[in-house]
Amino acid sequence: MYEAYQAVKTNAGAAGVDKQTIADFEQDMKGNLYEIWNRMSSGSYFPPPVKAVAIPKKNGGECIFLQAFSRLDLLLSVRCVCERNG
């Protein structure tokens, strides 16, 4: 979990759809990382809805949808990638 957190922090992205910033997460980092790990390992984690924003293409074609995840979902996604890549 800590590796995933470091990867998300290094990216220095904006707050997620849940409005949680890295600074917010770091206020109780140990507790937050434990809570994530506990919910994942017990099977009690259910992701919140993803916010989709339609962005029109310059040429007038179909819109591109940008998905905004919560900070927690982003962390869990990065964790899965870290685990797969060893």
Exercise. What number of residues within region 57-70 satisfy the criterion of being modelled with pLDDT under 80 and assigned to a strand (DSSP E or B)?
Worked result: 3
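Given the criterion modelled with pLDDT of 80 or more and among the basic types (Lys, Arg), identify the matching residue among Lys30, Lys51. Give the steps one after another, and end with the answer.
Values: Lys51 fails: modelled with pLDDT of 80 or more.
Going through Lys30, Lys51 in turn, the sole match is Lys30.
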Problem set entry | Hits in region 24-76 - residues which are loosely packed, with under 14 Cβ neighbours inside 10 Å and among the polar types (S, T, N, Q) | Gln27, Asn38, Ser41, Ser42, Ser44, Asn59, Gln67
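Could you tell me whether region 56-66 includes any residue that is more than 18 Å from Glu3 (Cα to Cα) and in contact (Cβ under 8 Å) with a residue 12 or more places away in the chain?
Applying the first criterion (more than 18 Å from Glu3 (Cα to Cα)) to region 56-66 yields 56-66.
Next, from what is left, pick out any that are in contact (Cβ under 8 Å) with a residue 12 or more places away in the chain: 65-66.
Scanning region 56-66 turns up at least one residue that is more than 18 Å from Glu3 (Cα to Cα) and in contact (Cβ under 8 Å) with a residue 12 or more places away in the chain.
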Exercise. Is there any pair linking a residue in region 23-39 that is without any contact (Cβ under 8 Å) to a residue 12 or more places away in the chain to one that is assigned to a helix (DSSP H, G or I) and surrounded by 11 or more Cβ atoms within 10 Å (Cβ to Cβ), with Cβ under 6 Å and at least six apart or on different chains, and which?
Worked result: Asn32/Phe25
Problem set entry | Residue list for region 39-56, filter: more than 18 Å from Ser70 (Cα to Cα) and in a helix (DSSP H, G or I) | Ser41, Ser42
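Among the listed residues Ala7, Ala52, Ala12, which satisfies the condition of being without any contact (Cβ under 8 Å) to a residue 12 or more places away in the chain and hydrophobic (A, V, I, L, M, F, W, C)? If you could, list the steps in order and put the result at the bottom.
Numbers: Ala7 fails: without any contact (Cβ under 8 Å) to a residue 12 or more places away in the chain; Ala52 fails: without any contact (Cβ under 8 Å) to a residue 12 or more places away in the chain.
Just one listed residue meets the conditions, Ala12.
The values are calculated or read from the model by the stated rules, or taken from the named source; none is laboratory data. Computed from a predicted model, the values in this text were never measured in an experiment. Ideal geometry is used to build each Cβ from the backbone, glycine not excepted, and the neighbour counts take in all protein chains shown.
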